[in-house]
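Engineer: Structure in structure tokens, see below.
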Amino acid sequence: MIFYLLHTEGDLHMTIPIAERMSRIGTETAFAVSLEASQLAKQGKKIYPFHLGDMNIITPPEVMEAAIEAMKKGKTGYSPTAGIPELREALAKEVAAARRLNLTADNVSIQPGGKPTIGKFIMVAMNPGDKVLYPNPGYPIYESQVEFHGGVGVPYGYKEGRDGFILDLETIRKGIGAGAKILIYNNYQNPTGASSPKEEMEELARLAVQNDLFVLSDEAYFDIRYSGEPMSIASLPGMAERTVILYTFSKKFAMTGWRLGAAVGPAKFIEHISKINVNDESCSNHFIQYGALAGLQGNQAGPESIIATLKKRRDLMVEKLNAIPGIKCFKPEATFYLFPNVTGALQRQGVKDIEKFRQHCLQETGVSFCTRRHFGRPLPGEEEQYVRFAYSGIDVPQIQEGLDKFSKFLT
Ligand SMILES: Cc1ncc(COP(=O)(O)O)c(C=O)c1O
């Protein structure tokens, strides 16, 4: 136990106890960038928000109407802890069809967002001291939850391939050799936008089966796709029984603030996840589940229009970023993130400290973005410099203007 001395106003002193585990919890540092940007905005500075994966696209009307209707019909009390049966069934059907799996409602535990599945998966699957492979650069909550619950994070990276980022399978093999039994895999990936080619995913699945790994497949961006067929590692031979899928309504239905998602996986494992639901939040919001149900059962015009909007933004951004000398940007087929290599551009400017560069750029131009550092500590031997641009919260005219300013700032 760590004790902090708290100084209060009347010069009274008291100690508040803070458990040791709190020194191991991480955060999403992208929210700190958001705070910086909003403070500048309050001072009247025009901000171009490329930093946060939130969406400025409104939730499809059929989802909103169904949620309001459910509220009016009195769905304002607790729901069953694993979610309303209709939604669990509909989601089982949806996930099974899109990934060629056999699923029933027993395989689904509804969650207040996609994010809770990460911590709950770790709590159910991992013992203190266990080694867990996780992506770095990657969504920072994996490392945070593994360390918070007493595990040992084993980061693996990505390398630049011909058309996009590819997994560093060698580091994964080494991690397995060092005793890792749990793998967190995020395809389609935040922040790199990486999509595993079929052979890469097959090799990863082979490693998982051969070495008896248990897998969290974070599929938050499975439906945010502009081309090609989506693929889940859970659908490969021997994987369904060892994989838990993180599903979220946040992105497909532009519902980031509604907080609704699910854990989908082996029924026995899902039962344990639902036990944590009872202890944590009792249940997810009741009437919102009816909204999500309408979204799944609707004609999909909403999600299609969201994709069309995002695709225009992606195409423009990739073109404009690649036109800046010293920047190389892949065109991801999924997610709403770009992870351009800015090494050359920074060298031309003599920039040594990328964080100072980010802050300077924000203050001078209002262009707000994250850097590789917001997605984990750089791995040994990593020399290239990257920034992450999200385009989920900024419209085409603002993208034009913002990237023109960014380009001028760099050149
Ligand atoms: C990779 C990844 N996983 C999970 C989440 C969490 O999604 P939700 O907002 O549904 O909790 C995010 C959100 O940005 C994400 O990028």
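Engineer: Quick one: divide the alpha-carbon radius of gyration of region 199-276 by 2.2 N^0.38 Å and tell me what you get. Intermediate results must be reported in sequence, preceding the final value.
Structural biologist: Working: Rg = 13.8 Å, N = 78, 2.2 N^0.38 = 11.5 Å.
The value comes to 1.20.
Engineer: Sort the following peptides by mean Cβ neighbour count (other Cβ atoms within 10 Å, averaged over residues), highest first: 221-232, 327-338. If you can, show how the numbers build up before the last one.
Structural biologist: Values: 221-232: 17.7, 327-338: 22.3.
Result, highest mean Cβ count within 10 Å first: 327-338, 221-232.
Engineer: Roughly how many Å² is the accessible area per residue of the chain, as a whole number, for a 1.4 Å probe?
Structural biologist: On the way: 18360 Å² over 411 residues.
With the other protein chains kept in place, the chain gives 45 Å² per residue.
Engineer: Provide the percentage of antiparallel DSSP beta bridges, counting only those with both residues in the chain; round to the nearest 5.
Structural biologist: Numbers: 24 of 41 bridges.
Of those bridges, close to 60 percent are antiparallel.
Engineer: Helix-only estimate, please: 222 nm mean residue ellipticity of the chain, summing -39500 (n - 2.57) across DSSP H runs of length 4 or more and dividing by its residues, to the nearest 500.
Structural biologist: Working: 13 runs with 162 residues, N = 411.
That calculation yields -12500 deg cm²/dmol at 222 nm.
Engineer: As a test, work out the antiparallel percent of DSSP beta bridges whose residues both lie in region 98-217, rounded to the nearest 5.
Structural biologist: Details: 3 of 14 bridges.
Of all bridge pairs located within region 98-217, approximately 20 percent are antiparallel.
Engineer: Something else: Is the shape of region 25-179 rounded, prolate or oblate, going by the alpha carbon gyration tensor and its root eigenvalues a ≥ b ≥ c, with a/c under 1.5 for rounded and a/b larger than b/c for prolate?
Structural biologist: Details: a/c = 1.78, a/b = 1.16, b/c = 1.54.
Because a/c hits 1.5 or more and a/b fails to exceed b/c, region 25-179 counts as oblate.
Engineer: Right, another one. Sorted by packing (mean other beta-carbon atoms within 10 Å per residue), highest first, where do 131-142, 369-380 land?
Structural biologist: Details: 131-142: 24.7, 369-380: 19.0.
The most tightly packed comes first, giving 131-142, 369-380.
Engineer: Beta carbons within 10 angstrom, averaged per residue: use that to sort the peptides 75-84, 150-159, 21-30, highest first.
Structural biologist: Working: 75-84: 17.2, 150-159: 19.3, 21-30: 14.0.
Put in order of decreasing packing, that is 150-159, 75-84, 21-30.
Engineer: To continue, here is another question. Can you give me the long-range amide H partners of residue 154? Hydrogens built in the peptide plane at 1.01 Å from N, cutoff under 5 Å, separation of 5 or more residues or another chain.
Structural biologist: Excluding prolines and chain starts, which carry no amide H, the hits are 132, 133, 134.
Engineer: First check a/c for the chain, with a ≥ b ≥ c the square roots of the eigenvalues of its C-alpha gyration tensor; if it is under 1.5, answer rounded, and if not, answer prolate when a/b is larger than b/c or oblate otherwise. Don't skip to the end; give the middle numbers.
Structural biologist: Values: a/c = 1.25, a/b = 1.23, b/c = 1.02.
Verdict is rounded for the chain.
Engineer: May I ask which of 120/331; 120/268; 72/252; 115/268; 252/331; 198/320 have a Cα-Cα span longer than 23 Å here? Intermediate results must be reported in sequence, preceding the final value.
Structural biologist: On the way: 120/331 33 Å; 120/268 14 Å; 72/252 25 Å; 115/268 21 Å; 252/331 20 Å; 198/320 30 Å.
In this structure, 120/331; 72/252; 198/320 exceed 23 Å between Cα atoms.
The values are calculated or read from the model by the stated rules, or taken from the named source; none is laboratory data. On a predicted model such as this, the values are computed, not experimentally measured, just so you know. Every residue, glycine as well, gets a Cβ built from its backbone with ideal geometry; the counts of neighbours run over all protein chains shown. Side chains are part of the model used for accessible areas, which takes the heavy atoms of the whole protein and leaves out ligands, DNA and RNA. Shrake-Rupley method; radii C 1.70, N 1.55, O 1.52, S 1.80 Å.
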